[in-house]
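Chemist: Below: one structure in structure tokens.
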Amino acid sequence: AIAFDLDGVEMPQLRDVIHQADHDIIPKPTYIVNSGRGLHLYYFIQDPPALLPHIQSCLKELKYALTRQIWNRYTSTRKDVEVQGILQGFRMIGSPSKLGKEYPVTAYRMGDRVTLDYLVDFVPETSGERKRIFDALDSKLTLDEAKKKYPEWYERRIVNGEPRGRWTVKR
């Protein structure tokens, strides 16, 4: 699952999160979790990918892009968007919320499992971010196929064990 932390949520914002999810403005979460003073939106993935380093990087980029879509002036009273990584920890259902043990963390089912394609469709196309994320997540090249398709890369990275190259902007 991919989870999104949304702070500054009061009753009007909660209503708007549900409205936006029901009207395809933001992706419909599998679960909405009341964490005390905010919400966690959980999207359970139908066919979760292996968490390989390049996939983890793509999922992080996807999460950052979707956080900017989900956290808006209608869904939060806070102006400063908090973007969290994909490995962020969350409170367990039934455990005390930030408000104390009298207010346990509660979860509510809203939708079904989602596909990564469904989530990527909510990323705006303006910066080419959607295509970049989709292409990276859709890559299913095996090492043998990569050897044939990119022989120089295979020789350099796999055979010689050279580290990954970096591109520096404005040295």
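Derivation of every value follows stated rules applied to the coordinates shown; laboratory data play no part. Predicted, not measured: the structure shown is a model, and the values here were computed from it. Because the Cβ atoms are built from the backbone with ideal geometry, glycine has one as well, and the counts that use them run over all protein chains shown.
Chemist: Using label points projected 7 Å from each Cα along Cα→Cβ, tell me how many nm separate I158 and K131, to one decimal.
Modeler: Here the answer is 2.8 nm between the modelled labels.
Chemist: First select every other residue whose beta carbon is under 13 angstrom from the beta carbon of A21; then total the charges, Lys and Arg +1, Asp and Glu -1.
Modeler: Values: positive: R15, K28, R109; negative: D16, D22, D24, D112.
Residues close to A21 contribute a combined charge of -1.
Chemist: A follow-up question, please. Out of the DSSP beta bridges found with both residues in the chain, what percent are antiparallel (nearest 5)? Let's see the in-between values first.
Modeler: Details: 16 of 17 bridges.
Bridges in the chain that DSSP calls antiparallel: roughly 95 percent.
Chemist: Let me ask something else. Within 10 Å, count the other beta carbons around each residue, average over each peptide in 95-102, 33-40, and list them highest first.
Modeler: Working: 95-102: 11.4, 33-40: 19.2.
Answer by packing, highest mean first, reads 33-40, 95-102.
Chemist: Could you give the nm distance between label points at D24 and M11, where each point is 7 Å from its Cα heading toward the beta carbon?
Modeler: Label-label distance for D24 and M11, simple model: 3.2 nm.
Chemist: Which of the DSSP-defined H helices in the chain satisfy a minimum axial length of 20 Å, computed from C-alpha atoms, and a minimum mean Kyte-Doolittle hydropathy of -1.0? Provide the component values of the computation, followed by the final result.
Modeler: On the way: long enough: 53-70 (25 Å, -0.32).
What comes out of the filter, once short or polar helices are dropped, is 53-70.
Chemist: I would also like to ask the following. log10 I(q)/I(0), Debye, Cα-only segment 1-67, no solvent, q = 0.15, 0.23 Å⁻¹?
Modeler: Log10 I(q)/I(0), no solvent term: -0.53, -1.05.
Chemist: Now for a different question. Per DSSP H run of at least 4 residues, take -39500 (n - 2.57); add these up for the chain, divide by its residues and hand me the 222 nm value, nearest 500 deg cm²/dmol. Don't skip to the end; give the middle numbers.
Modeler: Working: 5 runs with 52 residues, N = 171.
Taking each H run of at least 4 residues, the total per residue is -9000 deg cm²/dmol.
Chemist: May I pose another question? If you place +1 on the Cβ of every Lys and Arg, -1 on the Cβ of every Asp and Glu, and leave all else neutral, what size is the dipole of the chain about its Cα centre, to the nearest 20 Debye?
Modeler: Working: 27 positive and 23 negative charges, 120 e Å.
For the chain, the charge dipole is close to 580 debye.
Chemist: Which one, L14, C58, T30, projects farthest toward the positive side of the charge dipole computed for the chain from Cβ point charges (K/R +1, D/E -1)?
Modeler: C58
Chemist: Which value does Rg/Rh take for the chain over its C-alpha atoms, Rh per Kirkwood?
Modeler: 1.06
Chemist: Give the cross-link partners of K147 among the lysines, using a straight C-alpha distance below 30 Å as the criterion and excluding same-chain residues fewer than 8 apart.
Modeler: Once the sequence-local lysines are set aside, what remains near K147 is K60, K131.
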